[in-house]
Structures are given as C-alpha cells and as structure tokens.
Amino acid sequence: MRKPVHLERTGGKSPRQRIWEALKRKRESVSIIAIAADADIDRGTVRNYVKALALGGFIELVESHKRPDYSAYRLIRDVGVDAPRLRPDGTTSTFGDHQAAMWRTMRILRCDFTATELAGAASTDDCNVSIDSARLYARHLCAAGYLQKVGVRAEACFALKPSRDTGPRAPIVGRTRIVYDPNLGKIVWHEEVEP
C-alpha cells in the first residue's frame, strides 16, 4: 500500500525517484543493498520497485545471488530523468495524469478559465478529465494560493497567479486533502481539521 504523499516524499524526490537516479548512476550493475545505501532508502522499498522495474522491462538481472538483496541488476531501458510510474506488476500507472494535464493546461492558458473549460482543454484521447475532477483540483489549488477567483460568470472562474507558477511538475492534491508541490519539495497547504 502506498504511503500518503506527505509521508512518501522528502527533499523534493520520492523514494522511487531516488532509486531511479541510483540505477542511472550505476550504469553497469548494482545490487539492491547498494541502491538502498546510495538512495538512503530501506531495502524493502527498493526491492519492491526493482521488482516492478524488472517486470516492466526497465532493468534486467545480471547476477543472481543466494541472498536476493545482493543480486545485481542493470538498467536496460532509460526513459529519461523521471522515474517510471509503475504498478507492482510492472504496468504503467496513470495516477496523477489528470492533475498533470490540468496543471500543464493552466500554465499554457495564462488566462481565466472555468472548471468546464479546464476539463475540456486538458482532456486528450488518453486522458479524459472530468468537470468534477477539474472543479475539485481548482478548488484545492485556490485554497493553496495557486489560483485566484476572477470575473463574474455563471460558473466559478479561476486564473493561475504568475507568482505561483512554481515549475513544470503538477502540484499534487492528495487523498488526505493536502497540496504537495514537487517543484518546491514541500506541502504547501493542508485542510484544517476541526477538533
């Protein structure tokens, strides 16, 4: 089970990103124990992600060892700087695609928009953003200070504040009603819980 985003990410990089970077640094071969030491992550987390990467065809086993954490792996499919987002079975995870599409669209529009307009502009053949998702994302980003309400229309209208365009990675609205900005590496807003 995944940890909530505010517990999973430290220093602006997720454990998976740090594992990926450790694999990329050690081009020839590297063991789980070496990755864990390099990325400063527990071996269980490394083991799980290495298994997903192997199932997804990103790495291969080059030297087996009787103690699995000492087996060596090599990167065979480098897909760039960002760690592949994978499910445990090695298939690509689409979690966060909708938020990434909406953030990218907001940064491109640079003008006021409604949730309906945002959903329409952010949707593609591979990523269909619902109006409810756009409304929820805009509401959370407004609470976090990224968007401001503007104009008077039948539907709420928002605009991205230029000072809050923190970078290309989409602020993440977590299940626990927090907004985490991976560009800044920190939680920028959380819902106040009444006692």
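Quick rundown of the values:
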{"quantity": "When residues of region 30-86 are limited to those that are open to solvent by 60 Å² or more (accessible area, probe 1.4 Å) and among the hydroxyl-bearing types (Ser, Thr, Tyr), the one farthest from PRO15 (Cα to Cα)", "calculated": "SER64"}
{"quantity": "Hits in region 171-191 (condition: of a type outside the set (Asp, Glu) and part of a loop (DSSP other than H, G, I, E, B))", "calculated": "PRO171, GLY174, ARG175, THR176, ARG177, PRO182, ASN183, LEU184, GLY185"}
{"quantity": "ALA83 being at pLDDT below 95 and small (Gly, Ala, Ser)", "calculated": "yes"}
{"quantity": "Odd one out for PHE95 among (1) exposed (fewer than 13 other Cβ atoms within 10 Å of the Cβ); (2) touching a Cys at 6+ places or on another chain (Cβ under 6 Å)", "calculated": "(2)"}
{"quantity": "Some residue of region 157-170 being over 14 Å from MET106 (Cβ atoms), assigned to a loop (DSSP other than H, G, I, E, B) and open to solvent by less than 60 Å² (accessible area, probe 1.4 Å)", "calculated": "no"}
{"quantity": "Whichever residue in region 14-29 is basic (Lys, Arg) and open to solvent by less than 60 Å² (accessible area, probe 1.4 Å) and, among such residues, is farthest from the chain's Cα centre (by Cα)", "calculated": "LYS24"}
{"quantity": "All positions within region 56-84 that are of a type in the set (D, E, K, R) and without any contact (Cβ under 8 Å) to a residue 60 or more places away in the chain", "calculated": "GLU60, GLU63, LYS66, ARG67, ASP69, ARG74, ARG77, ASP78"}
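The values are calculated or read from the model by the stated rules, or taken from the named source; none is laboratory data. Quick caveat, the model's predicted, so the values are computed rather than measured. Cβ coordinates were reconstructed from backbone atoms using ideal geometry, including for glycine residues, and neighbour counts include every protein chain displayed. Each accessible area value is taken on the protein alone, full model and side chains, heavy atoms only, with ligands, DNA and RNA left out. Shrake-Rupley method; radii C 1.70, N 1.55, O 1.52, S 1.80 Å.
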